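See below for the structure under consideration.
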Amino acid sequence: MRTEARLDRSGAAELDAADPLRRCRDQFVRPRPDTIYLDGNSLGPPPIATEGVVAQIIREGWGEGLVRSWENWIGWSRQLGDRLAAHTLGAAPGEVVIADSTSVNLFKLAAAAVAARPGRRTVLVDGDDFPTNRYILQGLAAERQLDLRALQSDSDLGLGSDELFRALTEDVALVVLSLVSYRSGALLDMAAITDAARKVGALVLWDLSHAAGVIPIQLGADGADLAIGATYKYLNGGPGSPAFLYVRKGIQQQLRQPIWGWFGQQDQFAMGEVFNPVADIDRFLVGTPPLLSLAAIWPALDVVEQVPVVDVRSKSVLLSEFTIALADEWLTEYGFRLASPRDSTRRGSHVSLAHPEALSISRALREQENVICDFRAPDRLRIGLAPLCTSFTDVWDALDRLRTVMADRRYENLPAATTRVT
Ligand SMILES: *Cc1c(COP(=O)(O)O)cnc(C)c1O
């Protein structure tokens with residue numbers, strides 16, 4: 001470990017004392033004090049300010065302003081997009097909007113991209129990518145008679161560049177990749193992959209769901225064409241908050257997305273007869289946004305923007321190295337194996353540990369120990385490290401409780417599971 005931290009609890013406390021982001025967690029609603037939350041990569045916690053902002057919009061914007069408030073609200077998808085572009089995504093004004101879900105944005109941009117590459121029939125996807133990404137592309141491929149190729153990727157180390165570069169032929173229209181793998185946390189090289197794809201004339205659509213807010217992203221400098229991602233993970237926008245989408249300015253007008261809604265229409269309120277999309281990023285909007293959920297992104301970005309992403313990343317690396325050092329020391333003897341890249345330059349902000357009983361272990365942690373991380377099929381315990389909220393002592397305590405669960409074999413003979421969500 002870089003820090004040479006001691007692995008006793010006072011070593012964790014020292015790391016917390018030296019952590020420049022240690023006060024950030026005070027801006028979030030805290031669960032009960034004995035709960036340790038290591039799942040901010042799945043659902044970020046609420047900023048304290050969010051409740052007041054949403055309440056005020058209900059009272060004043062909705063209650064008093066009523067339909068007149070749309071005059072103000074209608075620009076929010078774009079204004080929030082510009083803020084996210086500047087602080088988090090390394091993109092220019094007018095290249096990002098907030099709208100719809102990540103799944104829907106993936107469909108819109110993927111469909112637009114293949115239509116912009118007529119004659120090419122191949123779409124590449126990481127065979128281990130997040131399920132919705134694979135399913136949406138399967139549906140698109142079936143509808144447009146495309147050849148969808150799922151690339152073999154290592155479920156611990158992610159997609160190898162050789163595998164990808166070999167598959168990049170002149171028939172490839174589009175490559176869809178997650179910058180950080182949802183399962184292993186493997187981090188890809190955006191600039192190198194974008195370059196390689198451009199050389200054969202293919203577009204790359206980046207899913208930044210597990211990267212936005214924790215990995216310094218430079219969509220502009222890396223030459224990225226297309227990206228999407230969730231705002232409810234490390235960006236703390238709230239459950240189901242609308243997602244973002246990015247289209248590089250230079251190609252916006254070449255792309256036409258398949259859902260022709262009125263929010264993409266020129267002179268929207270002229271209620272014209274035929275669809276004529278606007279020339280800018282708004283052409284990727286569809287319909288009325290879920291305003292209360294959109295509103296919750298303002299206070300979320302207020303918190304996120306207080307810290308440069310490079311500083312978030314520095315803490316993320318320390319947290320994940322600390323997690324891995326403790327897992328090596330305490331958990332190997334119970335049959336755990338690191339299922340994330342060991343090299344922190346190749347890893348995002350979560351650490352996966354493989355164990356044949358991971359599902360029961362994850363349940364025992366939640367139900368008996370108030371440690372919330374999650375299970376990902378087939379056998380992964382996923383430990384999410386959200387640097388704005390997670391302390392080194394959280395990590396130490398959580399892994400200490402985990403080793404107790406293992407030592408006492410408390411994950412055995414749990415009552416039958418009653419939940420749908422893992
Ligand atoms: C979280 C996540 C999604 C979520 O998609 P929704 O449409 O919000 O359900 C999509 N892709 C990846 C890679 C994710 O991590």
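Go through the residues of the stretch 264-286 one by one and say whether even a single one is within 16 Å of the ligand (Cβ to nearest atom) and in contact with a strand residue (DSSP E or B) (Cβ under 8 Å, 6 or more places away or on another chain).
Yes, the stretch 264-286 contains at least one residue that is within 16 Å of the ligand (Cβ to nearest atom) and in contact with a strand residue (DSSP E or B) (Cβ under 8 Å, 6 or more places away or on another chain).
Taking the numbered list (1) among the basic types (K, R); (2) away from the ligand (no atom under 15 Å from the Cβ); (3) part of a loop (DSSP other than H, G, I, E, B) in turn, R166 passes all entries but (3). Among the criteria (1) touching a helix residue (DSSP H, G or I) at 6+ places or on another chain (Cβ under 9 Å); (2) part of a loop (DSSP other than H, G, I, E, B); (3) free of Cβ contacts under 8 Å to residues at least 12 places away in the same chain, the one N72 does not fulfil is (2).
Annotation note: Cβ proximity below 6 Å between a residue of the stretch 269-297 that is more than 24 Å from A111 (Cβ to Cβ) and a residue that is part of a helix (DSSP H, G or I) and among the hydrophobic types (A, V, I, L, M, F, W, C) (sequence gap 6+ or interchain) occurs for L291/W73; L292/V54; A295/V54; A295/I57; A296/V54; I297/L80. Just checking, does the stretch 360-371 include any residue being touching a residue at least 12 places away in the same chain (Cβ under 8 Å) and closer than 23 Å to V303 by Cβ? Among the residues of the stretch 360-371, not one is touching a residue at least 12 places away in the same chain (Cβ under 8 Å) and closer than 23 Å to V303 by Cβ, which makes the answer no.
Kindly evaluate L148 against the criterion of being under 13 Å from V176 (Cα atoms) and away from the ligand (no atom under 14 Å from the Cβ). When the stated conditions are applied, L148 passes them. The set of residues in the stretch 339-356 that are assigned to a loop (DSSP other than H, G, I, E, B) and charged (D, E, K, R) comprises R342, D343.
For (1) touching a helix residue (DSSP H, G or I) at 6+ places or on another chain (Cβ under 7 Å); (2) at pLDDT 95 or above; (3) buried (at least 18 other Cβ atoms within 10 Å of the Cβ), each residue gets a yes or a no:
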| residue | (1), (2), (3) |
| --- | --- |
| A17 | no, yes, no |
| D26 | no, yes, no |
| P31 | no, no, no |
| D39 | no, yes, yes |
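Take the conditions (1) among the acidic types (D, E); (2) surrounded by fewer than 18 Cβ atoms within 10 Å (Cβ to Cβ); (3) at pLDDT below 95; D374 misses just one of them, which is (2). Which count do you get for residues in the stretch 225-256 that are part of a loop (DSSP other than H, G, I, E, B) and within 16 Å of the ligand (Cβ to nearest atom)? The number of residues fulfilling the criteria is 14. The residue that is farthest from the ligand (Cβ to nearest atom), counting only those in the stretch 105-141 that are free of Cβ contacts under 8 Å to residues at least 40 places away in the same chain and crowded, with 19+ Cβ neighbours inside 10 Å, is A141.
Residue count for the stretch 178-197 satisfying the condition of being over 17 Å from A112 (Cβ atoms) and either among the hydrophobic types (A, V, I, L, M, F, W, C) or not in a loop (DSSP other than H, G, I, E, B) (or both): 13.
When residues in the stretch 42-80 are screened for being within 16 Å of the ligand (Cβ to nearest atom) and either of a type in the set (F, W, Y) or modelled with pLDDT under 95 (or both), 0 of them pass. Check whether at least one residue in the stretch 386-408 is out of contact with any Lys or Arg (no Cβ under 7 Å at 6 or more places or on another chain), part of a strand (DSSP E or B) and crowded, with 24+ Cβ neighbours inside 10 Å, and report yes or no. Checking the stretch 386-408: not a single residue is out of contact with any Lys or Arg (no Cβ under 7 Å at 6 or more places or on another chain), part of a strand (DSSP E or B) and crowded, with 24+ Cβ neighbours inside 10 Å. Picking from residues in the stretch 81-104 that are outside any helix (DSSP H, G or I) and more than 16 Å from the ligand (Cβ to nearest atom), the one that is farthest from F269 (Cα to Cα) is G90.
The values are calculated or read from the model by the stated rules, or taken from the named source; none is laboratory data. All values derive from a computational prediction rather than experimental measurement. Here the Cβ is made from the backbone with ideal geometry for all residues, glycine too, and neighbour counts use every protein chain on show.
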